[in-house]
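Enquirer: Pasting a structure here, questions to come.
The numbers here are math on the coordinates, done by the rules we state, and not lab data. Everything numeric here is computed off the predicted structure, so don't read it as measured data. Cβ placement follows ideal geometry from the backbone for every residue including glycine, while neighbour counts extend to all protein chains displayed.
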Amino acid sequence: MGMSVTISTADQGDAEKILKLQYLCYQSEAELYGDYSIEPLTQTFEALRAELAQGCVLVARLGDEVVGSVRGVVDDDGTARIAKLIVHPRMQRHGLGGRLLHAVEERLSAESEAKRYRLFTGHRSDLNLRLYRKLGYEQVGDAEPITRRLSLVTMEKDAPRTSFAASA
């Protein structure tokens, strides 16, 4: 193959590529729940550009192609909210989702002092649930019904403590 996937900060020029990839990646979720009106499929270009401006958005690139992305923002209480982890279908099941998640966790801890990470996934999204559990996330609370077919599972894990914070 010769090329390796790199992970970097997204810029405004990546917005269209991310939105197209997001649309592709969430088709299987929409099919699973029988609901094509889920937010990732209806998000506007302007809303995505606003997310690029306000939070941490990372992309995975294979050459010039964006093959994955993840977003995160840290609340005032130190909770890093991670969202829209996507990997191109042909690149799935090779560890790229885990790499992206780890990269955004590191970035949010280093730049925004995240104390915990929180993410959401559908209650029937078994591959997502398995990945998040494998990476140390645990379900908190009951699944929250969003529509009559879709409930969101909230998962969290604590951010690692830095050595200087542990000695303080």
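Enquirer: Out of the range 98-126, which residues are free of Cβ contacts under 8 Å to residues at least 60 places away in the same chain and over 14 Å from the mean Cα position of the chain (by Cα)?
Expert: 109, 110, 111, 112, 113, 114, 115, 116, 123, 126
Enquirer: Quick test of your reading of the structure: residue 145 fulfils all but one of (1) under 17 Å from residue 38 (Cβ atoms); (2) in contact (Cβ under 8 Å) with a residue 24 or more places away in the chain; (3) surrounded by fewer than 16 Cβ atoms within 10 Å (Cβ to Cβ). Name the failing condition by number.
Expert: It fails just one condition, (2).
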